[in-house]
Amino acid sequence: MDSAALAQALAKSIERDLSGANSWQVVLADDGTLRWRSAAGERSSQPARSFWQRVENLVFKLMPASYY
């Protein structure tokens, strides 16, 4: 990039988005269910950004894994 300030801002944004504090760890619970853990807490359902992303996840579950 020709702009050092823009390059620095972009690098900072990427580092923030890829940090461990901004990610979920999927673990198998003792009862055989999946759990999602992060700095924000623990969930029993897959985290999603929006209702439509949850709908998309359900649609993909109906398709064979070889399609994606």
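Checking each residue in the range 2-24 for being assigned to a loop (DSSP other than H, G, I, E, B) and surrounded by 10 or more Cβ atoms within 10 Å (Cβ to Cβ) picks out Ser19, Ser23, Trp24. For the range 47-65, filtered to residues that are among the hydrophobic types (A, V, I, L, M, F, W, C) and surrounded by 10 or more Cβ atoms within 10 Å (Cβ to Cβ), the residue that is modelled with the lowest pLDDT is Ala48.
Among all positions in the range 26-42, there is no residue which is free of Cβ contacts under 8 Å to residues at least 12 places away in the same chain and in contact with a helix residue (DSSP H, G or I) (Cβ under 8 Å, 6 or more places away or on another chain). In the range 30-46, the qualifying residues are those that are loosely packed, with under 12 Cβ neighbours inside 10 Å and either closer than 25 Å to Arg16 by Cα or of a type in the set (Ser, Thr, Tyr) (or both), and the one that is farthest from the chain's Cα centre (by Cα) is Thr33.
The values are calculated or read from the model by the stated rules, or taken from the named source; none is laboratory data. Note that this is a predicted model, so its numbers are computed, not measured. Counting neighbours? That spans all protein chains shown, and the Cβs are built from the backbone with ideal geometry, glycine included.
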